[in-house]
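To start, the structure itself, in structure tokens.
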Amino acid sequence: MVQRLAGHFSVEESAKRIRHYRYAEERMMRVMGGWIALTPELSAKLLLGRHVWDCAQHADLWGKRLPELRAPAQVSEPPNDAFVRFMDLLESAEEFGQTPERLVGVYGVLKPHLLATYEHHLAHANPVYEPPTRRILQRTIEEERRHIAAGRAILTHHLRDEGAHGRARAWQERLHALLAEAGGVAGEGLAHLAPPEIPPDPAGVAGDLVELEKPAGRWPLPADLEAAVEAHALNLERGNLSAVTEDLAPDFRAPGEDLYRSVAAAGPRRHTLVAVAKLGAHHQIKLRLEAPKGNVVLLSRWARREGRWRVVEAEVVRTEPA
């Protein structure tokens, strides 16, 4: 097989493609970072937070490669206006309850497309003259595969409701149509890109996942932690702030008395444990406290301190009409 000395891509063409890649990775990083505060489901929130870092690393790697191709460093460039509109549409899923749309946009459309593009580029990058580009591609391919597999696991969990499944499918079709109009991240069309194959459980994906939310039944909590959380919530309902304050760790990271005083002022009468996630030795606990003046959703992080479970962090993440 005859191969051009400069490889399949010229230096100028490689630099241009890398600017396109950096635009997609950088924009995705910003979008996912903004979504973290808008996503109430802990499993999805923490997944986005872990993958934002990798997207930032990908953008930085591409940006550092550019000077080696006689181009300015850390420059991003979309392939065309249609791709910008595609990213704008993907980012627009910012309403409460749009977690399925956010997840399907990133893990069902954008990341699979980037993976297919990177794999095509790697297959055509000259192994003699383009080893730096190939090394970056190999790393991004490995990490995108892991991201997609983890994202699909979380997405499947959130698509159990038929309404959410239909919305996600319609959203995915809209995004695919605009991505095709743009010709993909390189602006060259999608026909030559083979759909990436993602194993259902590739090695390492467990590190991207947390305990999934469960809609009913007993939550997977240690018995002593479950009892501590129950007593904590009951003391809030009774307005027993001195007992609530005793549950706070010495290194509690918020003005505990003010925070819990405002929660107790709402007059909670009933509580529901709505989400749990285990992070190492810590547990994230989300409680919905129902009150005549309006419901409060309290997120707290518990860890063992001085021989028992205590609250290390807490914040009110949402208020709801009664």
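The values are calculated or read from the model by the stated rules, or taken from the named source; none is laboratory data. None of these values were measured; they are calculated from a predicted model. Here the Cβ is made from the backbone with ideal geometry for all residues, glycine too, and neighbour counts use every protein chain on show. For the accessible areas, the whole protein counts, side chains as well, though only heavy atoms, and no ligand, DNA or RNA atoms are used. Shrake-Rupley method; radii C 1.70, N 1.55, O 1.52, S 1.80 Å.
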Next item on the list: For the range 255-287, run through the trypsin sites (Lys or Arg not before Pro) and keep only the ones in DSSP coil with at most 13 other Cβ atoms within 10 Å of their Cβ.
Entry: Arg269
Next item on the list: Mind checking the per residue accessible area of the chain for me, 1.4 Å probe, whole number of Å²?
Entry: 47
Note to self: How tilted is helix 162-182 with respect to the longest principal axis of the chain? Cα atoms for both, answer in degrees (0 to 90, nearest 10).
What the structure shows: 30
Check: Taking the chain as a Gaussian network, where each spring joins two C-alpha atoms under 10 Å apart, which residue of Ile198, Ile285, Ile36 fluctuates the most?
Finding: Ile198
Checklist line | Solvent-accessible surface (1.4 angstrom probe) belonging to Glu77, in square angstrom, nearest 10 | finding: 70
Next item on the list: Count charges around Ile36 for me, please; just the other residues with Cβ under 13 Å from its Cβ, Lys/Arg as +1, Asp/Glu as -1.
Entry: +2
Note to self: Based on C-alpha coordinates, I'd like the Rg and Dmax of the range 230-322, in Å.
What the structure shows: 12.4, 38
Check: Ignoring any ligand, DNA or RNA, what whole percent of the accessible area of the chain comes from carbon and sulfur when the probe is 1.4 angstrom?
Finding: 54
Check: Given N residues in the chain, what is Rg(Cα) / (2.2 N^0.38 Å)?
Finding: 1.19
Item checked: Accessible-area order (highest first, 1.4 angstrom probe) of the listed residues Val312, Val52 -> Val52, Val312
Notebook entry, point to check: the range 116-188 to the range 248-322: how many Å between their Cα centroids?
Noted result: 37
Next item on the list: Give the long-range amide H neighbours of Asn240: residues separated by 5 or more places, or on another chain, with amide H under 5 Å away, using H modelled in the peptide plane at 1.01 Å from N.
Entry: none
Check: Tell me, what are the semi-axes, in whole angstrom and largest first, of the equivalent ellipsoid of the range 102-184 as set by the roots of 5 times the Cα gyration tensor eigenvalues?
Finding: 30, 15, 6
Margin query: From the helices alone, meaning DSSP H stretches of at least four residues, give me the mean residue ellipticity at 222 nm for the chain, per-run term -39500 (n - 2.57), in deg cm²/dmol to the nearest 500.
Written below: -16500 deg cm²/dmol
Margin query: List the residues, sorted by chain then number, that are 5 or more residues from Gly294 or on another chain and whose placed amide H is less than 5 Å from its amide H.
Written below: Ala322
Note to self: Largest first, please: the extent of the C-alpha atoms of the range 45-115 along each principal axis, to the nearest Å.
What the structure shows: 45, 29, 19
Item checked: the range 40-51 - phi-based ³J(HN,Hα) in whole Hz, Karplus 6.51/-1.76/1.60, Gly and Pro as x -> x, 6, 4, 4, 6, 4, 6, 4, 4, x, 5, 7
Note to self: Whole-Hz ³J(HN,Hα) for each residue in the range 86-92, computed from phi via Karplus 6.51 cos²θ - 1.76 cosθ + 1.60 with θ = phi - 60°, x for glycine and proline: what do you get?
What the structure shows: 4, 5, 4, 5, 4, 6, 6
Next item on the list: Between Glu95 and Ala123, take the C-beta separation as r, use R0 = 30 Å, and let me know the FRET efficiency to the nearest 0.05.
Entry: 0.15
Check: What GluC sites (Glu not before Pro) in the range 249-320 are in a loop by DSSP, with at most 13 other Cβ atoms within 10 Å of the Cβ?
Finding: Glu306
